[in-house]
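A short write-up of the structure that comes next.
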Amino acid sequence: MAGGNNTSAKQELIPKPALSYRQIFNMSFGFLGIQFAFALQNGNASRILRTFGADVEHLSWFWLAAPLVGMIVQPIVGHYSDRTWNRLGRRKPFFLAGAILSSIALCLMPNASLFTAIAPALLVGASMLMIMDACFNLAMEPFRALVADNLPDSQRTTGFSVQTFLIGVGAVAGSAFPFILTKWFGVHNTAAEGVVAENVKWAFYIGAIVFIGAILVTIFGTKEYAPAEYEKYHGKPDDADAHHGLGLIFKDFARMPKTMKQLGLVQFFSWFALFGMWVFTNDAVATHTYGLSIDDKSSDTYRSAGDWVGLLFSVYSGVSAVYALLLPLIAARIGRKLTHAFSLTCGGIGLIAIYFISDPNMLILPMIGIGIAWASILAMPYVILSGSIPAGKMGIYMGIFNFFITIPQLVNGIIGGPIVKYVYNNQPIYALVMSGVFMLCAAVSVIYVYDPGEVKKLK
């Protein structure tokens, strides 16, 4: 490694103090709001774009905006959050800016049809999806670094698990909200052709409020270590790095830890699978389970199928919230890698099982396996990775690690739609089966990852 890491190695570092469960909870609470918004996006973006006239084989291309933006935004945010310190702190200024901008985008996306004087609704909707994801990334990336900043290694599995629990709670609420607004509060889920239903619009408005509120809990309820105190716990970063500016991102990418490279393959398989699920589940369920034509995108039955998919997504998110709390116990017994491999296997089986189910109510069962995988994907790779990152590099490497999330989504986004149209003959259910196979590949590949934390325990 560079000279700064040798300097850090010579320093006698002070162990970070353990945090109370309440402190860990407050530190991660903002993620509830972020995931509430992400769940609304994941469950409804394809539906909104279809309402504005998108063809199913083009959906994955519109979704390319999200990983493209994440690939650019997260390393830059990570780089600057490592070097920021003001009255709000190191990571918290980025939380707040991301929350405000995300909330504005949430309100605008379902109302893209109001801007048809400027551009077609479909183009406006796709642009809002891109802007919304950029703002989500601005708020989200520093949260991963904050957990690693503040927690000793012995509490990191717990920290990321609590974060995943709150992600699950937020996702349950966000995914189910359009369904809840209709069933419990009588908000209409019907609308004229080319107009987004009222239940979806109001879900996005409320999501904007939840987003900001949850972020404020973390901002006011969490302490960050000032630079001098931070160095006592983490060591001093390489002084030479201070002169490289944004070019340092490329330098850090070239010298990424071995563990990160190996986890990259695991992440590729995992996020290729997740992207396929998010993009094609609405139409897969509508056509394969409800028996609708692939061209049916405005009937009441199609909207009901979309509401049911939102509820299904809330089920897997609920399962992930519960399972996240069990991850530290399971990892303590069988190890981090085997825990992640088992969880990914459950997800792969769940995705493939959707093909064999014809009753919409029974689709809840595969969501259990998917929820187990989702909880582990959000926690275990970061737990394994955090122990291998050098001093002062937590933000940038968490941002670079996002490449291994965005690249598989870009690949799936480019080839997924044409595969559905030309290989699967416009049957999106097979995209879910393919996602299941990729999830199983991720389960196998994680076995071969070097985990410095587990090696340290063995010694």
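The values are calculated or read from the model by the stated rules, or taken from the named source; none is laboratory data. Because the structure is predicted, anything quoted here is derived from the model rather than measured. Reconstructed Cβ throughout: ideal geometry from the backbone, glycine too, with neighbour counts over all protein chains shown.
Inside segment 142-159, residues that are of a type in the set (A, V, I, L, M) and crowded, with 24+ Cβ neighbours inside 10 Å make up a count of 3.
Considering segment 192-278, the qualifying helices (runs of 4 or more DSSP H), each wholly inside and each with 2 or more residues that are buried (at least 21 other Cβ atoms within 10 Å of the Cβ), at pLDDT 90 or above and of a type in the set (A, V, I, L, M, F, W, C), run over 198-221.
With a requirement of 2 or more residues that are of a type outside the set (S, T, N, Q) and at pLDDT below 90, the helices (runs of 4 or more DSSP H) lying completely within segment 385-459 that satisfy it span 394-401, 403-418, 452-458. Give the residues of segment 340-354 that are of a type outside the set (A, V, I, L, M) and farther than 18 Å from V315 by Cβ, sorted by residue number. Residues satisfying the conditions are H340, F342, T345.
Screening I354 on (1) surrounded by 24 or more Cβ atoms within 10 Å (Cβ to Cβ); (2) within 22 Å of I167 (Cα to Cα) shows it passes everything except condition (2).
Checked against (1) at pLDDT below 95; (2) crowded, with 24+ Cβ neighbours inside 10 Å; (3) of a type in the set (V, I, T), I370 passes all but a single condition, namely (1). When segment 279-304 is filtered for residues that are surrounded by fewer than 24 Cβ atoms within 10 Å (Cβ to Cβ), part of a helix (DSSP H, G or I) and not β-branched (V, I, T), the ones remaining, listed by number, are H288, D300, Y302, R303, S304. Looking only at segment 19-61, filter to residues that are more than 18 Å from the chain's Cα centre (by Cα) and not in a helix (DSSP H, G or I); which one of those is nearest to Y422 (Cα to Cα)? This residue is D55.
Could you tell me how many of the residues in segment 64-73 are more than 15 Å from P408 (Cβ to Cβ) and either charged (D, E, K, R) or at pLDDT 70 or above (or both)? Working first, answer last.
Pass one, segment 64-73, residues more than 15 Å from P408 (Cβ to Cβ): 65, 69, 72-73.
Now drop any that are not either charged (D, E, K, R) or at pLDDT 70 or above (or both), which leaves 69, 72-73.
The total comes to 3.
Say whether the condition of being of a type outside the set (A, V, I, L, M, F, W, C), in a helix (DSSP H, G or I), in contact with a helix residue (DSSP H, G or I) (Cβ under 9 Å, 6 or more places away or on another chain) and crowded, with 24+ Cβ neighbours inside 10 Å is met by at least one residue in segment 328-335.
First, pick out the residues of segment 328-335 that are of a type outside the set (A, V, I, L, M, F, W, C): 328, 333, 335.
Adding the requirement that they be in a helix (DSSP H, G or I) leaves 328, 333.
Now drop any that are not in contact with a helix residue (DSSP H, G or I) (Cβ under 9 Å, 6 or more places away or on another chain), which leaves 328, 333.
Those left that are additionally crowded, with 24+ Cβ neighbours inside 10 Å: none.
Checked segment 328-335: no residue is of a type outside the set (A, V, I, L, M, F, W, C), in a helix (DSSP H, G or I), in contact with a helix residue (DSSP H, G or I) (Cβ under 9 Å, 6 or more places away or on another chain) and crowded, with 24+ Cβ neighbours inside 10 Å.
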